[in-house]
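One structure is given below, encoded as structure tokens.
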Amino acid sequence: MGQADSNRSQKKENSGLGNWEKMVYSVDIHWFGYIEALLLMMIPAYFLFFDPNFLYKFLEKIDFLNPAYVEIACSGLLVLGILVLQHRLLRQFTTILMITSHRTISKFGLIFRKNIEITHAQFEEIQIKQSILGKILDFGTIKMRERSGIGSSKIKIQVSKVASPYEFKKQLMRIIRHNAFHRI
């Protein structure tokens, strides 16, 4: 029964791929986006629910701030944090970026689904941008270009906060070299 379950999960992962094509590598969105959203929620939640006396003592020292407006602002930040967390979760579960044996596939969105494919023969360039924190925690933005007909290139795929972007680049370049070697 265990092997049948693993075969079903593998078929589910490779859905949309032909029999001649197999998945080589897939990446996920990094967890750091959740930290941003949780901080945006936790700080105002602390001041509103757990220790409001600290906030009121601080506001007594500042004459021009009205405590009612600060409470409204904290409530607004809490709601904004919840919305950002929902957006990050939705993005995590609806973004697919995978390398197959013949193409790179990216899928974005839930209602308005956007599918972009670049065959390895049309691939031109991959760029990875990382901030200092991205280098420390191993996440970044991947931009991929494909050759267009006239000679100019355009960005076809751009995904931010991707986990292990250099591993993705390494796997992509490996499969492109492999396909180029077998075409010769």
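Here are some notes:
- Taking every residue in the stretch 90-104 that is closer than 19 Å to residue 166 by Cα and pairing it with any residue that is assigned to a strand (DSSP E or B) and of a type in the set (Lys, Arg), at least 6 positions away or on another chain, the pairs with Cβ-Cβ distances below 6 Å are 96/107.
- Test for residue 78: is it buried (at least 18 other Cβ atoms within 10 Å of the Cβ), outside any loop (DSSP other than H, G, I, E, B) and either on the phi < 0 side of the Ramachandran plot or more than 12 Å from the chain's Cα centre (by Cα) (or both): yes
- Candidate set from the stretch 120-142 (those that are β-branched (Val, Ile, Thr) and surrounded by fewer than 13 Cβ atoms within 10 Å (Cβ to Cβ)); member that is farthest from residue 24 (Cα to Cα): 132
- Taken together, 25, 34 contain a single residue that is surrounded by 13 or more Cβ atoms within 10 Å (Cβ to Cβ), in a strand (DSSP E or B) and within 19 Å of the chain's Cα centre (by Cα), which is 25.
- Output for the stretch 113-145, where each listed residue is in contact with a Leu (Cβ under 9 Å, 6 or more places away or on another chain), farther than 10 Å from residue 157 by Cα and in a strand (DSSP E or B): 123, 139
No lab work stands behind these numbers, since they all come straight from the coordinates. Being a predicted model, the structure only gives us computed values, none of them experimental. Note that we place each Cβ from the backbone using ideal geometry, even for glycine, and neighbour counts take in every protein chain shown.
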